[in-house]
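Read-outs: derived from the displayed coordinates by stated rules, not from any lab. Remember, it's a predicted structure, so these values are computed and weren't measured experimentally. FYI the Cβ positions are ideal-geometry reconstructions off the backbone, even for glycines, and counts take in every protein chain you see.
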Amino acid sequence: MIITSIIKQKSNSERYNIYIDEEYKFSIDIDLLYELKLEENMTIDIEQLQEAIKRADTKKAFNMCIAILARASKTEYEIKKKLLEKKYSEEVINEIIHKLKQLDYINDDKYIDAWIRSKSGAATLNKKIIYNKLIQKGIDRSLIQEKIENNAVGDGAIDEYSSAYKLAEKKYKSFKGNNEEIRNKLLTFLYNKGFEKDICYRVVRDIITGE
């Protein structure tokens, strides 16, 4: 088999598309291109070349992931997204994800706990916000729901009442009108923030009565 074309990718200047016998076969990193001394019109063993590319891509991809995780924890979805952006093959991505999970470098279950702990002081924290934020990070819906339903996140750090009370207490002073009008305004305010109805009613009752 003969390399008929080596073309730089438009989306990634550090990777090249390799054409064998006028047909696209795979892409290759620029460093490996030079390392293997690949040139147009070169006769190659396609299986050996593909294996060499896979080994090199896997090593580079793994090192990239380690560097990313050294800066901040990531979900499985976020790591996959980074790898896809770099145009790594599905085979390489699956191998990297498997290895990272084996080493416990990515763990969505633990990620939820850590994320909740980091946000536990936020005044707007509630179950709806937690769910929506973690969904955006690509975490499995059933895992998030299980954690929330069991209140098994952040060592019980979901305290909607305290969060809602802090918000309502600040907002209460800015509302004008009689108690009934203020009550309705506070209920609407808290509900629009994503707090559950029973929490909203408890908080507003306690704020209005001064408990």
**Asked** In segment 160-209, with Lys and Arg counted as +1 and Asp and Glu as -1 at Cβ, which of these residues, S163, S174, T209, has the Cα nearest the positive end of the dipole, that is, farthest along it?
**Response** S174
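So, with +1 on the Cβ of K and R and -1 on the Cβ of D and E, and no other charges, what is the size of the charge dipole of segment 108-149 about its Cα centre, to the nearest 20 debye? Walk me through the numbers before you get to the answer.
Numbers: 9 positive and 6 negative charges, 49 e Å.
For segment 108-149, the charge dipole is close to 240 debye.
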**Message:** Counting only helical runs of four or more DSSP H residues, what would the 222 nm mean residue ellipticity of the chain come to if each run contributes -39,500 (n - 2.57) and the total is spread over all its residues?
**Reply:** -19000 deg cm²/dmol
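Under 1.5 on a/c is rounded, so check that first for segment 108-149, then, if it is not, pick prolate when a/b is larger than b/c and oblate when it is not; a ≥ b ≥ c are the square roots of the alpha carbon gyration tensor eigenvalues.
Here segment 108-149 falls in the prolate category.
For D45 and S5, FRET efficiency with R0 = 22 Å and r from the beta-carbon atoms, rounded to 0.05?
Details: r = 18 Å, r/R0 = 0.83.
The value I calculate is 0.75.
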**Request:** Assign one of three labels to segment 62-117, namely rounded, prolate or oblate, based on the Cα gyration tensor with a ≥ b ≥ c the square roots of its eigenvalues; rounded applies when a/c is under 1.5, prolate when it is not and a/b is larger than b/c, and oblate otherwise.
**Result:** prolate
**segment 3-102: relative contact order as a whole-number percent, Cα under 8 Å and 6+ apart** = 20 percent
**Packing rank of 194-203, 70-79, where each peptide gets the mean count of other beta carbons within 10 Å, highest leading** = 194-203, 70-79
**Request:** Quickly work out the T209-to-E23 label distance, labels modelled 7 Å from Cα along the C-beta direction, and quote it in nm with one decimal.
**Result:** 7.8 nm
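Rounded to the nearest 20 debye, what is the charge dipole size of the chain about its Cα centre when +1 sits on each Lys and Arg Cβ and -1 on each Asp and Glu Cβ?
Dipole of the chain, to the nearest 20 debye: 1480 debye.
For the chain, what is the relative contact order in percent, using Cα pairs closer than 8 Å and at least 6 residues apart in sequence? Mind showing how you got there, number by number?
Numbers: 219 pairs, mean separation 28.5, N = 211.
Relative contact order of the chain: 14 percent.
Compute the Kirkwood hydrodynamic radius of the chain, taking the inverse of the mean of 1/r over all pairs of distinct Cα atoms, and give it in Å to one decimal.
Answer for the chain: a Kirkwood hydrodynamic radius of 21.2 Å.
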**Asked** Between F175 and Y105, how many nm apart are label points set 7 Å from Cα along the C-beta direction?
**Response** 5.1 nm
**Asked** Based on DSSP H assignment, which helices of the chain show an axial Cα extent of at least 30 Å together with a mean Kyte-Doolittle hydropathy greater than or equal to -1.0?
**Response** 46-71
